[in-house]
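Engineer: The following block contains the structure, expressed as structure tokens.
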């Protein structure tokens, strides 16, 4: 029979409803509040659905909240609350990565439901604020998680969709992804020391305009940034050529 492991700092009794926040204790206490102890068999049968519903519990209204509460050089309070309620070091990183995956899956599944039920088309592009230690701030060292309806990439004119999505993702990485990473590092320095890696990792492998879906034949993808291309513009015999960047 399925069970839920209690986080180390969970109390004997669950937190009050209004005190629940998105962190391991909040999720655990939500399960206790929603009746897991009374229906463990039902929980076991529908574990994935319950896990998704637990994450969704904390999402209503977030996109409609005013965004002027956050400073230019700081994180949302939610970010800091999550970090303060997870362990330090690698254990905490593993916990937050697991929660990140659950939020990503809920986001992509919600986008897929929107498209399947109502016939529209949704594109979701997400870039993390963190990169591998030692990574230069260049697009080929950045990857994105992408949702796009997979069936559109398997039609007769699929190449048109593939090229468009690839170009949009590349532009997103350059114009939004790299500044996001820069801002994350600037904000992080206010809260803890950052140690850059001494070894520069290899760039992510280059892909075609349409990377394979993960899992196969699904609507979720991982796109890698492409290196910028330098073009020499020189229509004369000038000693100095003009370099322009094409992405």
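Engineer: Can you give me the Cα centroid spacing of the range 177-227 and the range 87-147 in angstrom?
Structural biologist: Here the two parts' Cα centres lie 10 Å apart.
Engineer: For the chain, set up a GNM with springs between Cα atoms under 10 Å and report which of 136, 201, 193 has the largest fluctuation.
Structural biologist: 193
Engineer: Related question: Given contacts defined as C-alpha pairs under 8 Å and at least six residues apart, what's the relative contact order of the chain, whole-number percent?
Structural biologist: On the way: 275 pairs, mean separation 41.3, N = 247.
Rounded, it is 17 percent for the chain.
Engineer: Right, another one. If R₀ is 30 angstrom, what is the calculated FRET efficiency for the pair residue 56 and residue 229, using the beta carbon separation as r and rounding to 0.05? All intermediate terms of the calculation are to be shown ahead of the outcome.
Structural biologist: Details: r = 42 Å, r/R0 = 1.41.
Using R0 = 30 Å, I get an efficiency of 0.10.
Engineer: Another question, if that's okay. Report the percentage of all Cα-Cα pairs in the chain whose separation exceeds 27 Å, rounded to a whole percent.
Structural biologist: Values: 15444 of 30381 pairs.
Counting every Cα pair in the chain, those more than 27 Å apart make up 51 percent.
Engineer: Just subtract the alpha-carbon distance of residue 156 and residue 42 from 0.36 nm times their residue separation and send over the number in nm, one decimal.
Structural biologist: Working: separation 114, 0.36 × 114 = 41.04 nm, distance 4.41 nm.
Contour length minus the Cα-Cα distance gives 36.6 nm.
Engineer: For a quick protection proxy, order the peptides 222-228, 208-214 by their average other-Cβ count within 10 Å, most packed first.
Structural biologist: In decreasing order of mean packing, 222-228, 208-214 become 222-228, 208-214.
Engineer: Shape of the range 37-160 from its Cα gyration tensor (a ≥ b ≥ c, root eigenvalues): rounded if a/c is under 1.5, otherwise prolate when a/b > b/c, or oblate?
Structural biologist: Values: a/c = 1.60, a/b = 1.07, b/c = 1.50.
It comes out oblate by the Cα gyration axes.
Engineer: Here is a follow-up. Taking the Cα atoms only, what angle lies between the long axis of helix 178-188 and the longest principal axis of the chain, rounded to 10 degrees?
Structural biologist: Rounded to the nearest ten degrees, it is 50.
Engineer: Quick one: length gained pulling residue 91 to residue 222 fully straight, 0.36 nm per residue minus the C-alpha distance? Mind dumping the intermediate values first?
Structural biologist: Numbers: separation 131, 0.36 × 131 = 47.16 nm, distance 2.51 nm.
Stretched out fully, the residue 91 to residue 222 stretch lengthens by 44.7 nm.
Engineer: Relative contact order of the range 100-174: what whole-number percent is it, with Cα pairs under 8 angstrom and at least 6 residues apart?
Structural biologist: 28 percent
Engineer: Also, I was wondering about something else. Can you tell me the 0 to 90 degree angle between the C-alpha axis of helix 89-118 and the longest principal axis of the chain, rounded to 10?
Structural biologist: That works out to roughly 80 degrees.
Engineer: Using only Cα atoms, find the angle between the long axis of helix 47-56 and the longest principal axis of the chain, and express it within 0 to 90 degrees, rounded to the nearest 10.
Structural biologist: Tilt of helix 47-56: around 70 degrees.
Engineer: Can I ask one more? Between residue 69 and residue 81, 0.36 nm times their residue separation minus their Cα-Cα distance comes to what?
Structural biologist: Here the segment from residue 69 to residue 81 would lengthen by 2.8 nm.
Engineer: State, to one decimal in nm, how far the label point of residue 101 lies from the label point of residue 34, with both points 7 Å from Cα in the Cβ direction.
Structural biologist: 1.9 nm
Engineer: Over the chain, with a Gaussian network built from C-alpha contacts below 10 Å, which listed residue (229, 165, 176) shows the highest mean-square fluctuation?
Structural biologist: Result for the chain, Cα springs under 10 Å: 229 fluctuates most.
FYI, it's all coordinate maths here, none of it is from the lab. Quantities reported herein were computed from a predicted structural model and do not represent experimental measurements. Because the Cβ atoms are built from the backbone with ideal geometry, glycine has one as well, and the counts that use them run over all protein chains shown.
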